[in-house]
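Please read the structure below before turning to the comments.
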Amino acid sequence: MSLSDGALYRPLVWSLATALLGAGALLAVQMISAVVGPFRLAQLGEHDPRGVIALFRDAHQPVGAAVRSPFGHDLVEAGRSVRELTSLRDLDSAKVGGVVLSELRVLRDDEAAGLRNYLAGGGGAVLVGSIGVRGLDGAWLGYEMMRNLLGAEVLVLDEDRARAIVANRRGPIASALAPRQRIGVIQDDVIPGVRVADSELRWEGAQADPDAPAAALRREFGKGRLAWIAVGPEHEVSTAADRVLLRRVLEAALAWSSRTPWVEVLPWPGGASFAGVVEPDASVGVAADARPERVWTREIEAAEQDAGLARLRVSAAARRHGSTEAQLADAIGELGHRRAWVATRSELSTWTRQRAAVDASVRRAGPRRIVVEVSNFGRSAASRVVLRVFLNEPVLRAEVAATELLQSAARVQLRPNAEVLDLFLPPLDPRANAAFSLDYEPAPSQDE
């Protein structure tokens, strides 16, 4: 090849090299995008404070007033970075997504002011138990500080009114429990409740109480979020299983307040809002003036409110004579009208086993991507499983994709600008795992 020929081909070689370099850079960007999801260049390297949680330990607590919390390690296992703080005065929402104050009986005024400033600036906080009820000298101050923080009346409960915490309404905190699930609590010297309507968790006592105090509360505080739960994993509970449940309640409350994702396996197949079953009941009378439909209506209304199970009980005599067939058909029709899952006892038993064998978790994989992982530990396939993902921030749109080749896809259902979405999963094979990437676009904030 002559010199003139080399000069001719040199620009072509450089053009080809430049094209290959550009293609390689584009491929690298696409590979990164596949891992972390859609992003803006300005978000690369951006620190996300939502995964950083602080546990407050006031160095000025009187002797015996502060108890070191054992749940910090649990929060690390949940994928969070945990720090310990000795002052709330300089707490910055740009650096810390949430702070936990657990059974902090003494809270000085300057620390309380720091907490309010942090919340007003967009931070998140979870208060556990009685906060700020004693002075530095140990004297009882009452619940004025808690009342101002929670925006609700605080009650002191005796043992007869505070034997267990019960899931009362579905929501971000109650998602840690099954509908109507109980956590047995052993009485402490001070157990608080709050007077609010439609609480997610409520206290259960020795007597049925339609106005039972709330055991949890959520509220917006300026630009921030404040959650309160009556007792935490530190509290003495009835069983080790109850302590695990309390830890999940704390994690769910922390996810909501710090605007980080949380996931639950919905209680009923296909995302049904509640369930109904017809059961035999030999104790039901068959008097001529009996009105079983009234009892069934109350059951249906109660189950619809707490996403529980409506039990339509029919006496043996009524089944033999068919005296309630018309009313029962109407009640079953009402269940369907309210989008309940109507099941036989056998179907209910099968679903309960299947759901108990399914475990789900969620982790952030990028500024706008989360990965939902689900496992079926059962010996049989699980079908019609729906996951509710609490993104805990308003979302405009979302799409889901399987993370493995040939894996069946899930279907996403979202109400625009809501903070939750539902994932309708494909059938899960026995003892199998699946994962789905969820990309979403946050709704514009009011400040934008």
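Laboratory data are not the source of any read-out in this text; all were calculated from the coordinates shown. These numbers were taken from a predicted model, which means no experiment stands behind them. Cβ: placed from backbone, ideal geometry, glycine included. Neighbour counts: every protein chain shown.
List the GluC sites (Glu not before Pro) in the stretch 196-295 that DSSP assigns to loop (not H, G, I, E or B) and whose Cβ has at most 13 other Cβ atoms within 10 Å. Which are they?
Counting only loop positions with at most 13 other Cβ atoms within 10 Å, the GluC sites (Glu not before Pro) in the stretch 196-295 are Glu236.
For every other residue with a beta carbon closer than 10 angstrom to the beta carbon of Arg195, add +1 if it is Lys or Arg and -1 if Asp or Glu, then tell me the sum.
-2
Relative contact order for the stretch 273-339: what percent, with Cα pairs under 8 Å and sequence separation of 6 or more?
Worked out over the stretch 273-339, it gives 46 percent.
What Kirkwood hydrodynamic radius, in Å, does the stretch 49-260 give when the mean of 1/r is taken over all pairs of distinct Cα atoms and then inverted?
After inverting the mean inverse Cα-Cα distance, the result is 17.0 Å.
Mind listing which trypsin sites (Lys or Arg not before Pro) in the stretch 182-276 are in a DSSP loop and have 14 or fewer other Cβ atoms within 10 Å?
Loop-located and lightly packed - Lys223.
Looking at the stretch 345-448, which chymotrypsin sites (Phe, Trp or Tyr not before Pro) are DSSP coil and have at most 14 other C-beta atoms within 10 Å of their C-beta?
Answer in residue order: Phe377.
Residues with beta-carbon under 10 Å from that of Ser273, excluding Ser273: net charge, scoring Lys, Arg +1 and Asp, Glu -1?
Here the charged neighbours net out to +2.
Given axes a ≥ b ≥ c from the Cα gyration tensor, I'd like to know whether the stretch 111-203 is rounded (a/c under 1.5), prolate (a/b larger than b/c) or oblate.
In terms of gyration-tensor shape, oblate.
For Leu406, Leu85, Leu107, what's the fewest-to-most ordering of other Cβ within 10 Å of each Cβ?
Ranked by crowding around the Cβ, least crowded first: Leu406, Leu85, Leu107.
Based on the alpha-carbon gyration tensor of the stretch 356-442, what equivalent-ellipsoid semi-axes (square roots of 5 times the eigenvalues) come out, in whole Å, largest first?
23, 13, 11
May I ask for the distance between the Cα centers of the stretch 358-429 and the stretch 78-116, given as a whole number of Å?
So the two Cα centres are separated by 32 Å.
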